[in-house]
Each structure stands twice: as structure tokens, then as C-alpha cells.
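The values are calculated or read from the model by the stated rules, or taken from the named source; none is laboratory data. None of the values given here were measured: they were computed from a predicted structure. Neighbour counts are summed over all protein chains in view; Cβ atoms, including those assigned to glycine, are modelled from backbone coordinates with ideal geometry. Note: areas computed on protein heavy atoms with side chains; ligands, DNA, RNA excluded. Shrake-Rupley method; radii C 1.70, N 1.55, O 1.52, S 1.80 Å.
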Amino acid sequence: MSRTERLLDLIQLLRRHRAPVTGPALAAELGISIRTLYRDIATLQAQGADIQGEPGLGYILRPGFTLPPLMFSADEIEALVLGSRWVARRAEDPRLGDAAANALSKITAVLPDELRDSVDGSNLLVGGGEVIPAQVDLSAIRLAIREQRKLVLAYRNAGGTATERTIWPFAIGFFDRVRVVIGWCELRTDYRHFRLDRIDRMEMLAERYPRRRAAMLKEWREREGIPVR
């Protein structure tokens, strides 16, 4: 393992821990000596990483540190390219597609030459798919999720029965043949999934819902048995 890869692994490991983690525990997980760990922590701190702590007490990485571009691996670059291309072609959300292309352009602009070439020459391609019908704007749902605002839906179930639902949206699921908004349904007083192709009309209310979306997402994941990655 190169030193660059080791520093990247150390940053990723620190990011996974919300509480201070001891030097020996970090060194053991990385498979390095404690002296090497201390040198690596000092190197990252010199590069601007807000790593707080000291030997015997443990270390924690405060939010806000951005890795230098050199620390992207070839696999990570390919993952970014593939993800951006999929969003641009398959998300059925033009604003999100443009944002993906712009983000990749910004990343590419600051990469070293050898990594920039791997972006331009990536052989991971995204094929086209069937158009997924929807009468509502996916970007408006994303905005409601960001602002934690309620949505009123005119919704048809699988049998065609129409109902009006007021939901607290907190996630969108992208599947091959359907897009699904996930939220707390006031009518059912429970979590429900709503297919975008069955939403006839939608209105975003000024009213914000009373729970944190992160807390609802966590609770929903636990109920559905979906691990956090």
C-alpha cells in the first residue's frame, strides 16, 4: 500500500467514527505501527485536517476537511465517472443530470494529469433505458426534502383508487423501472412509499414537518432492515 493510499484510508476510518478512537485501535485496523500512525496523523494535520486528540486520549476528525485531489484512487475516479454518467442519463431529472456533469467537470479540472486522463478515457458506459412516466417534477420533491416541507399528493394506488395524501418526504428511491418517494403519511400515520408515475398532482406546502428527516430516514432504514453504507 502506498503512503497516499494509507493516508486516505486513515481519513476514511476517522470519518466513520463519531467519537474519539484510540491510536492503537486505528493502527491495528490499518495494519501499521503506532509510530507510523502518529506520523500520518501529523501529516494530515499539516495538510489542514482538523484531527483533534492526543496519544492516550484518542483522535476525532472534525467536519469540513476536503481531501486533496491526488488522494483519489483510480477505482474512486471510475466510481465518480460511472455515477455521474448514470445520473445524467437515467435519473429522469434534468437539473440533477446537469449538476452531476458540472460536479464531474469541477473534479476533473483540479486532478493531476494522469488521473484526468483516466476520467477522459473511462470505459465504463451507461446505456439508455426506457423513459419512466411522471407528471410531477422530481426536482421539486428534492427541494421539499431539503427544506423538510410537507407535500400534498393526488395519488392513485395499484388498483387505480385515488386518494389525497399529505406526506413528510425524506428520501427518493431510484429503481430501474420506477422512482419512489418515501415519507411519513399523515393519513396512514406510518411510513409509505409512493411511485412517481402514480402521482397525478403535487403541491409543496409552506409548512415544515416536525421531525428531522435524518431521524426518519434512520428509523425507516432500521424498520426495513437496510444497512447504512
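So what are the ³J(HN,Hα) numbers for segment 93-103, from phi and the Karplus equation (6.51, -1.76, 1.60; θ = phi - 60°), rounded to whole Hz, Gly and Pro as x?
Residue by residue, segment 93-103 yields 9, x, 5, 5, x, 4, 5, 5, 5, 5, 5 Hz.
From the list (i) 66, 43, 30; (ii) 56, 35, 31; (iii) 53, 39, 38, can you say which value of Cα extents along the principal axes in Å was derived from the structure given?
(i)
Can you tell me the 0 to 90 degree angle between the C-alpha axis of helix 74-90 and the longest principal axis of the chain, rounded to 10?
In the chain, helix 74-90 runs at an angle near 10 degrees to the longest axis.
I'd like the distance between the alpha-carbon centres of segment 78-101 and segment 20-55, rounded to an integer number of Å.
Taking the Cα centre of each part, segment 78-101 and segment 20-55 sit 35 Å apart.
Which Cα, out of L96, Q52, A42, lies furthest along the positive dipole direction of segment 1-103 (beta carbon charges, K/R +1, D/E -1)?
So the residue furthest toward the plus end is Q52.
Given H placed 1.01 Å from N in the peptide plane, which residues other than close sequence neighbours of R179 have an amide H under 5 Å from its amide H?
Residues meeting the amide H criterion: L196, D197.
Assigning unit charges at the beta carbon (Lys, Arg +1; Asp, Glu -1) and nothing else, what dipole magnitude in debye, to the nearest 20, does the chain show about its Cα centre? Write down the numbers at each step before the final one.
Numbers: 35 positive and 30 negative charges, 174 e Å.
Once rounded to the nearest 20, the dipole reads 840 debye.
Rounded to the nearest 500, what is the chain's calculated 222 nm mean residue ellipticity when only DSSP H runs of at least 4 contribute -39500 (n - 2.57) each, over all residues?
Values: 8 runs with 98 residues, N = 229.
Mean residue ellipticity, 222 nm, calculated: -13500 deg cm²/dmol.
If you fit an axis through the alpha-carbon atoms of helix 138-147 and take the longest principal axis of the Cα set of the chain, what angle between them do you get, 0 to 90°, nearest 10?
For 138-147 against the chain, the angle is about 60 degrees.
Could you state the accessible area per residue of the chain in Å², with a 1.4 Å probe and every protein chain left in place?
Numbers: 13620 Å² over 229 residues.
Counting only protein heavy atoms, the per-residue value for the chain is 59 Å².
Once amide H atoms are placed 1.01 Å from N in the peptide plane, what residues at a sequence separation of 5 or more from Y191, or on another chain, have their amide H within under 5 Å of its amide H?
C185
Please list 3J(HN,Hα) in residue order for segment 190-198, calculated via the Karplus relation 6.51 cos²θ - 1.76 cosθ + 1.60 where θ = phi - 60°; whole Hz, with x for glycine and proline.
Couplings: 6, 6, 9, 10, 10, 6, 5, 6, 10 Hz.
Pop out the carbon and sulfur fraction of the accessible area of the chain as a percent, whole number, probe 1.4 Å.
On the way: 6960 of 13620 Å².
With neighbouring chains kept in place, the figure for the chain is 51 percent.
Sort V131, V87, V81 by heavy-atom solvent-accessible area, probe 1.4 angstrom, most to least.
Details: V131 110, V87 40, V81 0 Å².
Sorted by accessible area, descending: V131, V87, V81.
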